[in-house]
Amino acid sequence: MAQDSSSNRPMPQKYRRNRTKFTKEQLKILIDTFNQMPYPGYATRLRLALEIDTEEPRIQLWFKNRRARYSFQKRGEQKEALESSQDPGQDHLPEQIPHEQVRQCRTIYSRSQLHALIKAFRKNPYPGIHCREQLADDIGVPESKVQTWFQNRRSRSGVQRKKKIPDESFGQGQG
DNA sequence: CCTAATCTTATCAGGCGCGGCCTGATAAGCCCATTAGG
């Protein structure tokens, strides 16, 4: 049943989701796919998730992190390759990256789902993994959707976590 | 330490309904985001 939900929790025991540990075989498949297709669409990600027995959001995140590291790592090599072939006419643009353009279907939230999301957001715009999973379970959507919803919501409602604003605050002086 | 998880920002794109708004999904982060867990 419902446990304490409106209690103020000083600090969640664990905010982040458990770190995923890929096996070598999983990594081999991931890397192999990445080399051919750094921007897999949803269908491909799903297939990969099934193949290596993990969740699609893990796949998506892995590709994102991989791209972030791989791109700048390869920076020098590409430049070298370009200089090698001094051809005025573009023969082989590196932009032929196969973006699979197939996005995941847009989620249509019902009124009650939105209500639950908004309510949770007002309570805490930065829910930890447990909170997100609980909410996802409550309204019947994957946790990754909840995370995306919160990110978009934060972005568009200006509740961004106060970074390190020196002292521009409107407060009446910190004691 | 390595790198998965997280955050912000910007942009693409689907649904609705008829021009453009709302908002979910995706990508990048710059001398290459930051944080933190095994």
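Worth pointing out:
- A:A49 falls short on exactly one of the conditions (1) open to solvent by less than 60 Å² (accessible area, probe 1.4 Å); (2) more than 17 Å from the chain's Cα centre (by Cα), and that condition is (2).
- Checking the stated criteria, A:F121 turns out to be farther than 17 Å from A:P57 by Cα, among the aromatic types (F, W, Y) and modelled with pLDDT of 70 or more.
- Qualifying positions in the range A:17-46 - basic (K, R), exposed (fewer than 13 other Cβ atoms within 10 Å of the Cβ) and within 10 Å of DNA strand B (Cβ to nearest atom): A:R19, A:K21
- All positions within the range A:121-142 that are within 26 Å of A:Y42 (Cβ to Cβ) and free of Cβ contacts under 8 Å to residues at least 60 places away in the same chain: A:F121, A:P127, A:R132, A:E133, A:Q134, A:L135, A:A136, A:D137, A:D138, A:I139, A:G140, A:V141
- Of the residues contained in the range A:28-41, none is found to be modelled with pLDDT of 95 or more, at positive phi and out of contact with any Pro (no Cβ under 7 Å at 6 or more places or on another chain).
- Close pairs (6 angstrom Cβ cut-off, 6 or more residues apart or separate chains): assigned by TED's automatic domain parsing to the domain that holds A:R69 and within 19 Å of A:S71 (Cβ to Cβ) in the range A:35-47, open to solvent by 20 Å² or more (accessible area, probe 1.4 Å) and among the basic types (K, R) anywhere: A:P38/A:R67
The values are calculated or read from the model by the stated rules, or taken from the named source; none is laboratory data. Quantities reported herein were computed from a predicted structural model and do not represent experimental measurements. All Cβ positions, glycine included, derive from the backbone under ideal geometry; neighbour counts span all protein chains shown. Note: areas computed on protein heavy atoms with side chains; ligands, DNA, RNA excluded. Shrake-Rupley method; radii C 1.70, N 1.55, O 1.52, S 1.80 Å.
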